[in-house]
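Participant: Questions regarding the structure given below will be posed in turn.
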Amino acid sequence: MAVVDHVQQISMPSATYHAFIDMPIGLNRTGSTRKCDVQLRAKLPIPLKSSVFSPPVEEAAFVATYREACDINERITEKKY
């Protein structure tokens, strides 16, 4: 197992299985897309691209219901979750 600084350091051999784990430190306030998420999705084959999850915006983490969190995320990021 290895830790890399940039997604460009990742190779994707066809016969090997990989797990990529990223733990965001803090939550985004503006809804901007994280560069590491974009770069990893670009490297993955189509069926796996949707397995890269973006963390919620900070405001959505402190509401009472999942529906409220989704609505806040959609308003700030302009993406439906």
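Participant: Could you list, ordered by first residue, the pairs with Cβ atoms under 6 Å in which the first is in region 35-52 and without any contact (Cβ under 8 Å) to a residue 60 or more places away in the chain and under 21 Å from residue 80 (Cβ atoms) and the second is of a type in the set (S, T, N, Q) and not in a helix (DSSP H, G or I), at least 6 apart or interchain?
Facilitator: 37/54
Participant: Residues being closer than 15 Å to residue 29 by Cα, of a type in the set (D, E, K, R) and touching an Asp or Glu at 6+ places or on another chain (Cβ under 8 Å): count how many of those fall in region 53-81. Explain how you work it out, then say what you get.
Facilitator: Of the residues in region 53-81, the ones closer than 15 Å to residue 29 by Cα are 54-63, 69-79.
Cutting the leftovers down to of a type in the set (D, E, K, R) gives us 58-59, 71, 74-75, 78-79.
Imposing the further condition that a residue be touching an Asp or Glu at 6+ places or on another chain (Cβ under 8 Å) reduces the set to none.
Counting residues in region 53-81 that are closer than 15 Å to residue 29 by Cα, of a type in the set (D, E, K, R) and touching an Asp or Glu at 6+ places or on another chain (Cβ under 8 Å) gives 0.
Participant: Within region 1-22, is even one residue in contact with a Ser or Thr (Cβ under 7 Å, 6 or more places away or on another chain), modelled with pLDDT under 80 and of a type outside the set (A, V, I, L, M)?
Facilitator: Within region 1-22, not a single residue is in contact with a Ser or Thr (Cβ under 7 Å, 6 or more places away or on another chain), modelled with pLDDT under 80 and of a type outside the set (A, V, I, L, M).
Participant: Considering region 25-50 alone, what residues qualify as being part of a loop (DSSP other than H, G, I, E, B), of a type outside the set (Lys, Arg), surrounded by 12 or more Cβ atoms within 10 Å (Cβ to Cβ) and at pLDDT 80 or above?
Facilitator: Within region 25-50, 27, 28, 33, 44 qualify.
Participant: So how many residues does region 51-73 have that are modelled with pLDDT of 90 or more, buried (at least 16 other Cβ atoms within 10 Å of the Cβ) and hydrophobic (A, V, I, L, M, F, W, C)?
Facilitator: 4
Participant: While we're here: Please find, among 78, 58, 68, 74, the residue that is at positive phi and of a type outside the set (A, V, I, L, M, F, W, C). First the steps, then the outcome.
Facilitator: Numbers: 58 fails: at positive phi; 68 fails: at positive phi; 74 fails: at positive phi.
Unique residue meeting the criteria: 78.
The values are calculated or read from the model by the stated rules, or taken from the named source; none is laboratory data. Remember, it's a predicted structure, so these values are computed and weren't measured experimentally. Don't worry about glycine lacking a Cβ; one is built from the backbone with ideal geometry, like all the others, and counts go over all protein chains shown.
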